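Written below as structure tokens is the structure these notes are about.
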Amino acid sequence: MAQKEQSSQSIFTDLDDASTDAEVNKWQRTFRLWRETLREHWGMLTDELSVKLSMLTVAGFVVIAIFAPYIATHQPLVRQYQGDAGVLIDKWVEPSLLGADSEYLLGTTAAGYDIFSQLVYGTRAALMVGIIAAVFTAGIGTLVGLVAGYYGGKVDDALMRLVDFLYGMPLLPTVIVLVAVLGPNLWNIILALIVLQWRSTARVIRSQSLSLRERPFVKAAEVAGASDWHIISRHLAPNVLPMTFLYGSFGIAWAILAEAGVSFIGLGDPNTVSWGTMLQASRAYSALSFGAWWWFVPPGICIGLLVISGFLIGRGYEEITNPKLQ
Amino acid sequence: MGKASFVVRRTLQLVVTLWAVGTVLFGLFRLMPGDPTSYVISSQMTQEARRQLIESYGLNDPLYIQYFRFLENLVVLNFGQSFHSNQPVTDVIATYLPNTLVLMLTAFVIAYAIGITLGVLSGWYRGSRFERSTVITALTARSVPTFYVGLIVLWIFGATFGVIPMSGMTSLGTGGQSTGFLDMVFTMDFVRHLIAPAAVLAFYYMGYPLLIMRSSMLEVLSEDFIDVCRAKGLKERTIMFKHAARNALLPIITAAAIALGYAVGGSVLIETVFAWPGIGREMVRAVLRRDFPVAQGTFIVLASTIIFLNFLADLAYGYLDPRVTYD
């Protein structure tokens, strides 16, 4: 056993690892290959200014989300005062940032909630929805896409019919119906988004792996007797990883946008503050007509900042991994 | 397998997908909590009258009978009657669908005309200041939720300056749809209502074709035949539009089908913000008041639009790209 290992090492040092277990070996090598690629890409990625700024923005929001209880000045879901019965709008407090004499940085909503604290806590909902949904959609989508594209035939057919079916479901209406069925809370919104959103990653990755499958290096690997998993993980996957990351970071953006939309329609989680529910409340109380812009402008800016950061990181990554684009 | 059998197979898939969407929808709406009849039946009604009403809607039959009746009706496009207004659902759809189509198509034509042109140019002038500013504009446009842009537009131009109407499709007292749909569309009042939502949507949808066209251009420009064109001494403009852009257009086709899907789904939001009486907004309202027939009918219209567009995109893809094989 040991002898065999030594002899193989002398000839195939670049092909084989020290371990003799072929199965573990393959997995380890695949893992190492991916890790190296990722580390290399991370280094190049952080070189670009727009990506660096986007990452700082996301990091800033992450910090805000983690330390939300220390940053927020009030409890976001506790009314700061009771309005007169039946009168909602006269208790409106203007923001102290604009020079009004109040203890509320961004004023209060018509129902008496502190806007600044709601904004801070809204970061938590947005990041949670964005990150969880993106990881699952990109992961499931890539796996399905690779398998469908590589195997082709019946497997491809079955998986793509499933994707076709999901594509037949309009995004927001489906999420709305699912949330109406499952009950309006944040986890159900995330679940509904994952159920639908992996479709786009799967389709793009599949078309990529369809064309990769015909490339000479894959044919060569096939002829050399490589296993299916070997080809998928070492020849196809590294080539589609940029797309996975692209769709992953876009997935964050789409999830945050969708959550905001669903909440805006009025199916948001009533026990959580999100930027979407803030916008919904501001519209319900006609903040537009009253010109109370400090209520509905900040949540939208936060959504925009976080989403554009996701897009910019994705694009930066795309340009690095696809040198043709530079 | 040849092209003809691909078309046949793809058509069969279309039917199966439609059936699956219908089935899932049927299940979902019946899983929904809350009694749908509570919205139609007032508390003053006698038990007897209440039971008769439930009976007339067929809600007492076993689920599988309801299911088969549902499928049967789907084929003949009979979506039943609204629980809420007792109107046939097909009438509801006929009222709201054209409104959505006018809005969406206006926005889409503007968005794709501008987006593709800017995409070609920004791909061609890679690394210039023009490219950077277009890409950043496109990213910004896609990052801010449309309903939010809609709110801001309403706040600035509607509430503050009073230039655009705050809601709806026609002003009160102008007759609305009683004068016929086409008569309504060609009035200044309608155009005034259309401008804001269409512009907001176009600004949002523009980013997608722009970015895709740009990446696709970059891909095409690095290919050898572009060098051959240069070597032949063709004018730059000819190379850009006749050779590079035409080859780069291919991904736009699948992208457009996907984008139109998002457009239909997104119509829910923009119609809600601008109180545009379209099919998306009607669907949400039907879901919220548990009006199964209307919710189902409108959802199926939204869904089959997308399914059909994907079908067309698939056929077009095989037709336009000779490298695609049907195996």
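The values are calculated or read from the model by the stated rules, or taken from the named source; none is laboratory data. If you're wondering where the values come from, they're calculated on a predicted model, not measured in any experiment. Don't worry about glycine lacking a Cβ; one is built from the backbone with ideal geometry, like all the others, and counts go over all protein chains shown.
Which of the residues that make up segment B:129-158 are surrounded by 17 or more Cβ atoms within 10 Å (Cβ to Cβ) and of a type in the set (Gly, Ala, Ser)? Hits for segment B:129-158 are B:138, B:141, B:143, B:150, B:158. Would you confirm whether any residue within segment B:259-278 is crowded, with 17+ Cβ neighbours inside 10 Å, β-branched (Val, Ile, Thr) and away from chain A (no Cβ under 12 Å)? Within segment B:259-278 (the criterion being crowded, with 17+ Cβ neighbours inside 10 Å, β-branched (Val, Ile, Thr) and away from chain A (no Cβ under 12 Å)), the answer is no, since none of the residues qualifies. Out of B:95, B:90, B:134, one residue alone is over 14 Å from the mean Cα position of the chain (by Cα), within 22 Å of residue B:256 (Cβ to Cβ) and modelled with pLDDT of 85 or more. It is B:134.
One line per residue, one yes/no per condition, for (1) modelled with pLDDT under 85; (2) aliphatic (A, V, I, L, M):
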site: A:220; (1), (2): no, yes
site: A:226; (1), (2): yes, yes
site: A:234; (1), (2): yes, no
site: A:243; (1), (2): yes, yes
site: A:258; (1), (2): no, yes
site: A:263; (1), (2): no, no
site: A:276; (1), (2): no, no
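In this entry, residue A:170 passes the filter for residues that are without any contact (Cβ under 8 Å) to a residue 12 or more places away in the chain and facing chain B (nearest Cβ under 9 Å). When restricted to residues that are modelled with pLDDT of 80 or more and surrounded by 19 or more Cβ atoms within 10 Å (Cβ to Cβ), segment A:305-326 contains 7.
Annotation note: Cβ proximity below 8 Å between a residue of segment B:185-213 that is within 16 Å of residue B:109 (Cβ to Cβ) and in the same structural domain as residue B:139 (by TED's automatic domain parsing) and a residue that is of a type in the set (Phe, Trp, Tyr) and outside any helix (DSSP H, G or I) (sequence gap 6+ or interchain) occurs for B:197/B:274; B:197/B:276.
Residue A:216 passes every criterion in (1) at pLDDT 85 or above; (2) facing another protein chain (nearest Cβ under 9 Å) apart from (2). Among the candidates A:310, A:291, A:304, A:266, the residue that is over 23 Å from the mean Cα position of the chain (by Cα) and either closer than 30 Å to residue A:50 by Cα or of a type outside the set (D, E, K, R) (or both) is uniquely A:291.
Restricting to segment A:173-202, name every residue that is under 20 Å from the mean Cα position of the chain (by Cα), of a type outside the set (Val, Ile, Thr) and more than 8 Å from chain B (Cβ to nearest Cβ). Within segment A:173-202, A:185, A:186, A:187, A:188, A:191, A:192, A:193, A:196, A:197, A:198, A:199, A:202 qualify.
Conditions tested, residue by residue: (1) in contact with a Ser or Thr (Cβ under 9 Å, 6 or more places away or on another chain); (2) modelled with pLDDT of 70 or more; (3) under 22 Å from residue B:86 (Cα atoms).
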{"position": "B:6", "(1), (2), (3)": "no, yes, no"}
{"position": "B:10", "(1), (2), (3)": "no, yes, no"}
{"position": "B:18", "(1), (2), (3)": "yes, yes, no"}
{"position": "B:23", "(1), (2), (3)": "no, yes, no"}
{"position": "B:37", "(1), (2), (3)": "no, no, yes"}
{"position": "B:45", "(1), (2), (3)": "no, no, yes"}
{"position": "B:50", "(1), (2), (3)": "yes, no, yes"}
{"position": "B:54", "(1), (2), (3)": "yes, no, yes"}
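Is there a residue being of a type in the set (Ser, Thr, Tyr) and within 14 Å of another protein chain (Cβ to nearest Cβ) anywhere in segment B:228-238? Checked against the condition, which is being of a type in the set (Ser, Thr, Tyr) and within 14 Å of another protein chain (Cβ to nearest Cβ), segment B:228-238 yields no hits at all.
Checked against (1) in contact with an Asp or Glu (Cβ under 8 Å, 6 or more places away or on another chain); (2) of a type in the set (A, V, I, L, M); (3) outside any helix (DSSP H, G or I), residue B:275 passes all but condition (1).
Looking only at residues in segment A:152-190 that are of a type in the set (D, E, K, R) and either modelled with pLDDT of 85 or more or not in a helix (DSSP H, G or I) (or both), which one is farthest from residue B:260 (Cα to Cα)?
Looking at residues that are of a type in the set (D, E, K, R) and either modelled with pLDDT of 85 or more or not in a helix (DSSP H, G or I) (or both), I get A:154.
No other residue among A:261, A:248, A:268 is within 10 Å of another protein chain (Cβ to nearest Cβ), buried (at least 19 other Cβ atoms within 10 Å of the Cβ) and in contact (Cβ under 8 Å) with a residue 24 or more places away in the chain apart from A:261. Residue B:287 - would you say it is buried (at least 24 other Cβ atoms within 10 Å of the Cβ), within 9 Å of chain A (Cβ to nearest Cβ), closer than 17 Å to residue A:180 by Cβ and at pLDDT below 85? Yes.
Could you list, in sequence order, the residues of segment B:120-134 that are among the small types (Gly, Ala, Ser) and within 17 Å of residue B:223 (Cα to Cα)?
Quick first cut of segment B:120-134, residues among the small types (Gly, Ala, Ser) only: B:122-123, B:127-128, B:133.
Passing the criteria: only B:123.
Only residues that are assigned to a loop (DSSP other than H, G, I, E, B), in contact (Cβ under 8 Å) with a residue 24 or more places away in the chain and farther than 11 Å from residue A:116 by Cβ were counted across segment A:63-77, and they come to 2.
Taken across segment A:133-150, residues that are modelled with pLDDT of 85 or more and among the polar types (S, T, N, Q) do occur, with at least one present.
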